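**Q** What follows is a structure written as structure tokens; I'll ask about it next.
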Amino acid sequence: MLTRIDHIGIACFDLDATVEFYRATYGFEVFHTETNEEQGIREAMLRINGTDDGGASYLQLLEPTREDSTVAKWLARNGEGVHHIAFGTADVDGEAEQIRGKGIRVLYDEPRIGSMGSRITFLHPKDCHGVLTELVTSAPADGTGEGQGH
Ligand code: MC0
């Protein structure tokens with residue numbers, strides 16, 4: 001079951017300037033930053049709100065770290081903007097399996113490591129009405145109660 005919007009991924013050219021925009025305009029503060037070399041991005045997670053299940057939703061600001069990354073390619077073609085949405089689930093493996101069974105392309109055979117130690121996979125945007133869609137099981141430490149048994 002998909003239980004929440006985990007985050008909205010926003011591609012940007014200058015992470016620090018974009019973080020400052022969200023701070024100055026809306027008062028959102030950086031909750032976490034990291035670089036994910038496999039995905040070719042540097043990111044800032046802005047925590048937007050807590051949810052009834054103890055989880056949270058984030059804005060994920062993404063700056064590419066290399067020219068051959070998916071985000072760099074997307075920015076070159078589209079400019080800055082919403083890059084993907086991510087749904088939270090306690091069972092990313094099971095969800096991916098079920099969705100694959102519906103004929104939708106799941107991009108990874110096995111979930112990979114995402115932000116804050118989460119486990120993630122992606123669905124092809126061409127099979128999702130133009131939206132690159134991510135499935136996320138958070139690491140247990142983030143308070144969502146997800147990630148148990150992984
Ligand atoms: C590409 N397309 C998109 C899109 N990216 N459509 C909507 N949203 C996007 N973000 C469209 C293109 O416009 C093109 O359409 C078609 O898909 C093929 O795109 P391409 O770039 O030419 O082709 P590929 O196959 O090289 O790449 C597309 C693909 C790739 C979705 C497979 O971007 C991918 O593997 N993405 C998943 C990984 C990712 O995005 N990582 C960065 C975030 P036309 O009509 O021109 O054919 S990492 C992250 O977010 C982690 C850290 C986390 O959350 O924890």
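**Q** Scan (1) crowded, with 18+ Cβ neighbours inside 10 Å; (2) in contact (Cβ under 8 Å) with a residue 60 or more places away in the chain for the single condition residue 62 breaks and write down its number.
**A** (2)
**Q** Report whether or not residue 41 is within 14 Å of the ligand (Cβ to nearest atom) and farther than 18 Å from residue 66 by Cα. Show your work before the answer.
**A** Values: within 14 Å of the ligand (Cβ to nearest atom): yes; farther than 18 Å from residue 66 by Cα: no.
Judged against the criteria, residue 41 is not a match.
**Q** Answer yes or no: is there a residue in region 61-81 that is near the ligand (Cβ under 8 Å from one of its atoms) and either part of a strand (DSSP E or B) or modelled with pLDDT under 95 (or both). Can you show your working first?
**A** Initial filter on region 61-81 (near the ligand (Cβ under 8 Å from one of its atoms)): 62, 69-71, 73-74, 77-78.
The next check asks that each one be either part of a strand (DSSP E or B) or modelled with pLDDT under 95 (or both); those that pass are 62.
Scanning region 61-81 turns up at least one residue that is near the ligand (Cβ under 8 Å from one of its atoms) and either part of a strand (DSSP E or B) or modelled with pLDDT under 95 (or both).
**Q** Further, regarding this structure: Give me the residue from region 87-137 that is near the ligand (Cβ under 8 Å from one of its atoms) and in contact with a Leu (Cβ under 9 Å, 6 or more places away or on another chain) and, out of that set, nearest to residue 33 (Cα to Cα).
**A** It comes out as 120.
**Q** Of all residues in region 17-60, how many are of a type outside the set (Val, Ile, Thr) and more than 23 Å from residue 77 (Cβ to Cβ)? Before the answer, list the steps.
**A** Restricting attention to region 17-60, the residues satisfying the condition of being of a type outside the set (Val, Ile, Thr) are 17, 20-24, 26-29, 31-32, 34, 36-40, 42-47, 49-50, 52-60.
Of the ones still in play, those that are also more than 23 Å from residue 77 (Cβ to Cβ) are 20, 22-24, 26-29, 31-32, 34, 45-47, 49-50, 52-58.
Of the residues in region 17-60, 23 are of a type outside the set (Val, Ile, Thr) and more than 23 Å from residue 77 (Cβ to Cβ).
**Q** Tell me, yes or no, whether region 38-47 has at least one residue that is over 23 Å from residue 135 (Cβ atoms) and not in a helix (DSSP H, G or I). Steps first, please.
**A** To start, the set of residues in region 38-47 that are over 23 Å from residue 135 (Cβ atoms) comprises none.
So far as region 38-47 goes, no, none of its residues is over 23 Å from residue 135 (Cβ atoms) and not in a helix (DSSP H, G or I).
The values are calculated or read from the model by the stated rules, or taken from the named source; none is laboratory data. Computed from a predicted structure; not experimentally measured. We place every Cβ from the backbone using ideal geometry, glycine too, and count neighbours over all the protein chains shown.
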